[in-house]
Amino acid sequence: MRFAPAFPWNVIGAALLLGSVAVAAKAQTGGAAGALPEAPRNVLKLSASGRVEAQQDLLRVTLSTVRDGTDVAVVQKELSTALDAALAIIKPSAQKGQLDVRTGNFSVNPSYNKNGKITGWQGSTELVLEGRDFARITTAAARAQSLSIANITFDLSPERRAQVESQARAQAIDRFKDKAAEIAKAFGFANYSLREVTISSDENATVPRMFANKAAMSMKSVLGEPPSVQVEPGNATVTVTATGSVQAR
């Protein structure tokens with residue numbers, strides 16, 4: 001009669017013990033992986049601004065006219081004729097950056113009666129003069145008698161805007177750094193390091209003044225020429241703001 005050899009129980013016990021250790025280690029590892037990251041501490045949030053004021057150096061004059069009639073083709077032709085006449089007078093005075101000329105809105109729309117039937121057509125056209133030579137622009141605008149002045153606005157030229165914005169940005173960054181150091185010190189920290197920062201810019205302008213030159217008007221009325229319009233630009237204030245957070249340490 002044969003008996004199966006006895007299994008070494010010490011081997012079974014060792015295997016069970018290793019299995020328990022492995023399960024425990026896995027549970028500990030899984031718990032660490034699933035834990036939420038610790039929230040940042042000693043983080044200061046702040047903002048600082050820089051402001052630079054500059055005189056507007058770009059003039060934009062919009063000339064326009066309106067025509068209406070019962071024939072859409074006639075209205076379109078009258079608008080084109082008025083626009084071409086103005087371009088013929090103004091374009092010889094054009095100079096890049098000083099007086100740039102471009103066409104603006106050109107539209108013709110129907111007019112309806114109470115029954116929804118088309119009774120006529122009304123159209124408008126625009127010519128835009130833009131540049132840094134104010135005298136050249138206003139003189140050319142006054143000479144274009146087929147169109148009339150519809151709007152006058154001032155702005156900063158791209159070159160001037162970039163220069164002013166750069167100055168305001170430098171101010172904002174310097175003030176942000178000074179403010180961060182001051183606040184960190186007030187909370188008892190020796191220094192700080194930058195975490196993140198956002199730079200944004202904005203512009204506000206004063207209303208420019210526009211007036212007629214009475215002496216020029218009286219003289220030109222004698223000569224049979226249209227009066228010129230005198231313009232005076234306002235100021236634009238460019239504001240750049242630095243907003244962000246720093247790590248106090």
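Read-outs throughout are calculated quantities, based only on the coordinates presented, and are distinct from any laboratory measurement. If you're wondering where the values come from, they're calculated on a predicted model, not measured in any experiment. Using ideal geometry, Cβ is built from the backbone for each residue, glycine included, and neighbour counts are taken over all protein chains shown.
Which whole-number percent gives the relative contact order of the range 58-155, counting Cα pairs below 8 Å spaced six or more residues apart?
Relative CO of the range 58-155 lands at 48 percent.
Test of understanding: ordering Arg160, Arg41 by Cβ neighbours within 10 Å, fewest first, what list do you get?
Least crowded to most crowded, the residues run Arg41, Arg160.
Let's test the formula: R0 of 30 Å, r as the Cβ-Cβ distance of Tyr112 and Gln145. What FRET efficiency results, to the nearest 0.05? Display every interim value, and only then the final one.
Numbers: r = 32 Å, r/R0 = 1.08.
Here the calculated transfer efficiency is 0.40.
Please compute the net charge surrounding Glu78, taking Lys and Arg as +1 and Asp and Glu as -1 over other residues with Cβ under 14 Å from its Cβ.
-1
Please say if the range 76-172 is rounded, prolate or oblate, where rounded means a/c under 1.5 for a ≥ b ≥ c the square roots of the C-alpha gyration tensor eigenvalues, and otherwise the choice is prolate for a/b larger than b/c and oblate otherwise? Provide the component values of the computation, followed by the final result.
On the way: a/c = 3.92, a/b = 1.77, b/c = 2.21.
It is oblate, given that a/c is not under 1.5 and a/b is not larger than b/c.
Under a Cβ-only charge scheme (Lys and Arg +1, Asp and Glu -1), can you give me the dipole magnitude of the range 58-155 about the Cα centre, in debye to the nearest 20?
Once rounded to the nearest 20, the dipole reads 0 debye.
Assuming R0 = 22 Å, what is the FRET efficiency of Lys185 and Ala39, from their Cβ-Cβ distance, to the nearest 0.05?
Using R0 = 22 Å, I get an efficiency of 0.40.
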